[in-house]
Each structure stands twice: as structure tokens, then as C-alpha cells.
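All remarks here apply to the structure that follows.
The values are calculated or read from the model by the stated rules, or taken from the named source; none is laboratory data. These numbers were taken from a predicted model, which means no experiment stands behind them. Positions of Cβ are backbone-derived with ideal geometry, glycine not excepted, and every protein chain shown enters the neighbour counts. Areas reflect the complete protein model, heavy atoms only, side chains present, ligands, DNA and RNA absent. Shrake-Rupley method; radii C 1.70, N 1.55, O 1.52, S 1.80 Å.
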Amino acid sequence: MKFNPFENRLSRDIRNTLGHCFVKAIQAKDPSFFHTASSQYQYGETQVHIKAYVNNRADFLKKTFDQMAAFNLQPDDDFFVIARILWNFELFFEFHEWLEIKWTTAQGKNKKALQAMVLAAIAYEQLTYGRKAPAKKVALKAIGLFNQHRDIIAKPFDADLFISKLSLLDPVAPKFKMPGKKSRAFK
């Protein structure tokens with residue numbers, strides 16, 4: 001068995017819960033929000049694929065905090081820089097959860113621009129689990145919004161690069177450089 005939130009309810013519940021706690025940890029700059037929620041899945045008779053997913057997310061939370069520290073990032077002031085970190089780590093569900101913070105209060109074109117980025121994350125989340133048909137459907141919606149609102153996509157996210165990758169349904173997600181800083185690899 002493998003972890004797949006599109007085919008297994010437990011996997012979906014774990015992804016959703018831990019994704020929410022991942023974002024809450026970043027907002028509070030306190031990883032305990034994630035670790036408290038994830039601890040129930042890391043020990044005992046938990047299935048191997050679930051433990052692997054939880055450990056993967058715990059590792060990426062640490063890497064995200066390391067990047068935040070390296071660039072002295074603050075969740076409120078550097079919202080889109082943190083979003084870029086999540087995207088470059090291919091944490092598409094967490095990226096989606098992170099952008100929803102702004103999306104829920106945004107209006108007009110800003111809301112549509114955020115929606116394009118959320119849809120791009122959903123498309124890549126679908127591709128991660130081999131779901132090409134649903135990914136294509138979501139990608140087409142994202143492309144339409146990127147085309148309409150490319151001028152207000154948060155920098156240095158690049159609407160044209162999103163459009164290019166999504167149009168091809170390229171399984172390799174685009175990567176974005178950190179603004180005004182020496183480029184660092186996201187590994």
C-alpha cells in the first residue's frame with residue numbers, strides 16, 4: 001500500500017490535518033503545532049507508508065524553518081517568499097493551504113491571481129499522484145486565470161513559466177529564485 005490522498009480516506013485526512021498544522025507552525029514560528037499532530041502517526045503499528053509521509057513532511061518543515069532562518073523571514077512580512085519556499089520544496093498541498101490565508105480575505109483581481117496559484121498547486125498535487133486527467137482540467141483553469149491576471153502575480157513567481165509548464169502538463173514543476181538574495185538551492 002502507498003500513501004495516496006486521492007484514493008485513501010486515511011491518507012487524505014492525514015494530509016489535510018498535517019498540512020493545516022504545517023501552515024499553523026509556520027505562522028506561529030513554532031514547529032510544535034505540527035509535531036503534536038503528527039506524533040500519533042510516527043510510532044506503534046502505523047503503516048509504513050503513513051510513517052514515511054509524516055517523516056517526509058517533518059523533514060520539510062525543518063528545511064522550511066531553516067530557510068526562514070537563513071533569510072530572516074517573518075510570516076506576515078515575507079508571505080510570498082515563504083510561499084516560494086513551499087513551492088520549491090514541492091509541498092503543493094501546504095503551498096495551497098498557505099495561500100488560502102490571503103485568498104480568504106482578498107478581493108477582485110488579487111483573489112483571482114491567488115486562485116491561479118492555488119490551482120497550479122492543485123494541478124501539481126494531482127500530478128504527484130499520477131492523476132493526469134484531473135490535473136489537466138485544473139491546469140486549464142489556472143492557465144486562464146494566469147493569462148488574465150499575469151500582471152499582478154506575486155514576484156518572483158512568473159505567470160508565463162506557470163503557463164508554459166501547465167500547458168505541457170510538465171511533471172517537473174517550475175522553480176523560482178529567492179528575490180534579492182544570492183540564489184540558494186532548494187534540496
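Which helices, counted as full DSSP H runs in the chain, have an axial Cα extent of no less than 18 Å and a Kyte-Doolittle average of -1.0 or above?
Values: long enough: 9-28 (28 Å, -0.17); 48-70 (33 Å, -0.33); 108-128 (30 Å, 0.14); 132-149 (25 Å, -0.08).
Passing helices, by number: 9-28, 48-70, 108-128, 132-149.
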Could I have the simple spin-label model distance between D78 and I152, label points 7 Å from Cα toward Cβ, reported in nm to one decimal?
2.6 nm
Taking the full set of protein chains and a 1.4 angstrom probe, give the accessible area of I143 in square angstrom, rounded to the nearest 10.
20 Å²
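At a 1.4 Å probe radius, carbon and sulfur cover how many percent of the accessible area of the chain? Intermediate values should be presented prior to the final figure.
Details: 5050 of 9720 Å².
Of the solvent-accessible surface of the chain, carbon and sulfur hold 52 percent.
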Per residue, accessible area of region 105-170 with a 1.4 Å probe, heavy atoms of protein chains only, in Å², comes to 51 Å²
Note down, for region 55-143, the three equivalent ellipsoid semi-axes (square root of 5 times each alpha carbon gyration tensor eigenvalue), biggest first, whole angstrom.
23, 19, 8
So for R0 = 41 Å, FRET eff. of Q107-E45 from the Cβ-Cβ r, to 0.05, ends up at 0.30
Counting only helical runs of four or more DSSP H residues, what would the 222 nm mean residue ellipticity of the chain come to if each run contributes -39,500 (n - 2.57) and the total is spread over all its residues?
-21000 deg cm²/dmol
Counting residues in region 35-93 as N, plug N into 2.2 N^0.38 Å and put the Cα Rg over that result.
1.30
Too long at a 21 Å Cα-Cα cut-off: which of K29/K102; K62/K165; K24/K175?
K62/K165; K24/K175
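Translational D (Stokes-Einstein, µm²/s) of the chain at 20 °C and 1.002 mPa s when Rh comes from the Kirkwood sum over C-alpha pairs? The partial results should precede the final answer.
Details: Rh = 17.0 Å.
For the chosen part, D equals 126 µm²/s.
Over the Cα atoms of region 105-170, Rg to Rh with Kirkwood Rh, two decimal places? Could the numbers behind the result be given before it?
Numbers: Rg = 11.3 Å, Rh = 11.6 Å.
For region 105-170, the value is 0.97.
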Return one whole number: the accessible area per residue of region 1-94 in Å², for a 1.4 Å probe.
49 Å²
